[in-house]
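The values are calculated or read from the model by the stated rules, or taken from the named source; none is laboratory data. Quick caveat: nothing in here was measured; it's all calculated off a predicted structure. Cβ placement follows ideal geometry from the backbone for every residue including glycine, while neighbour counts extend to all protein chains displayed. Ligands, DNA and RNA are excluded from the accessible area calculation, which covers all protein heavy atoms including side chains. Shrake-Rupley method; radii C 1.70, N 1.55, O 1.52, S 1.80 Å.
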Amino acid sequence: MEQTFVMIKPDGVQRGLVGEIICRFEKKGFTLKGLKLQSVERAFAEKHYADLSSKPFFNGLVEYIISGPVVAMVWEGKNVVTTGRKIIGATNPSDSAPGTIRGDFAVEIGRNVIHGSDAVESARKEIALWFPEGVAEWQSSLHSWIYE
Ligand code: RTP
């Protein structure tokens, strides 16, 4: 089954949105496979966002991510990478539809509350980076009520 990496960024944690965000993924029918509250070092944040290192906003992005604890999660389910990005909404909250997490809770691109992997391959890399210890081996008892 497909997995994705989701991170609630420091603004989401500080604003008390952790429960609300978990609720949206849970209610959709996805299964939580990994969860931790963690403060990240600068080098770790730079590694996570290595693909963006040439962008003008890179330093600000790294400062933002290390500014407070984040909640790192692994969610599992059919098409969870693509569907998870839809639940999260467009990168710039000005473009995020109401009903999405960023559409409902964010105003500016540099404080957009949450990250979700953009492809199955990046999810695999991000899960390996954030959860080197591995994730939980369990299947929700709701499985047969969500999948035919
Ligand atoms: P994320 O990785 O956080 O899920 O975001 P994304 O794929 O939707 O967007 P990406 O282009 O990978 O950008 C990563 C994060 O960098 C910040 N950003 N700031 N100031 C700017 O122009 C700008 N552009 C991007 C955002 O926090 C974005 O989520």
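Restricting region 125-137 to residues that are touching a residue at least 60 places away in the same chain (Cβ under 8 Å) and under 15 Å from His48 (Cβ atoms), the residue that is most open to solvent (accessible area, probe 1.4 Å) is Leu129.
Taking the options Ile146, Ile109, Ile127, name whichever one is hydrophobic (A, V, I, L, M, F, W, C) and more than 22 Å from Val40 (Cα to Cα).
Details: Ile109 fails: more than 22 Å from Val40 (Cα to Cα); Ile127 fails: more than 22 Å from Val40 (Cα to Cα).
Just one listed residue meets the conditions, Ile146.
Scanning region 22-63 for residues that are within 11 Å of the ligand (Cβ to nearest atom) and touching a Pro at 6+ places or on another chain (Cβ under 7 Å) yields a count of 0.
Please work out if Ser140 is of a type outside the set (A, V, I, L, M, F, W, C), open to solvent by less than 50 Å² (accessible area, probe 1.4 Å) and assigned to a loop (DSSP other than H, G, I, E, B).
Values: of a type outside the set (A, V, I, L, M, F, W, C): yes; open to solvent by less than 50 Å² (accessible area, probe 1.4 Å): yes; assigned to a loop (DSSP other than H, G, I, E, B): yes.
Answer is yes for this residue.
Return the only residue of Gly12, Gly19, Gly110 being at negative phi and away from the ligand (no atom under 15 Å from the Cβ). Among Gly12, Gly19, Gly110, only Gly19 is at negative phi and away from the ligand (no atom under 15 Å from the Cβ). Looking only at residues in region 70-89 that are open to solvent by 40 Å² or more (accessible area, probe 1.4 Å) and not β-branched (Val, Ile, Thr), the one that is farthest from the ligand (Cβ to nearest atom) is Lys78. Looking only at region 108-124, decide whether some residue is surrounded by 17 or more Cβ atoms within 10 Å (Cβ to Cβ), in contact with a strand residue (DSSP E or B) (Cβ under 8 Å, 6 or more places away or on another chain), closer than 18 Å to Lys28 by Cβ and among the polar types (S, T, N, Q). Within region 108-124, one or more residues are surrounded by 17 or more Cβ atoms within 10 Å (Cβ to Cβ), in contact with a strand residue (DSSP E or B) (Cβ under 8 Å, 6 or more places away or on another chain), closer than 18 Å to Lys28 by Cβ and among the polar types (S, T, N, Q).
Here Leu37 clears all of (1) of a type outside the set (S, T, N, Q); (2) open to solvent by 50 Å² or more (accessible area, probe 1.4 Å); (3) not in a strand (DSSP E or B) except the condition numbered (3).
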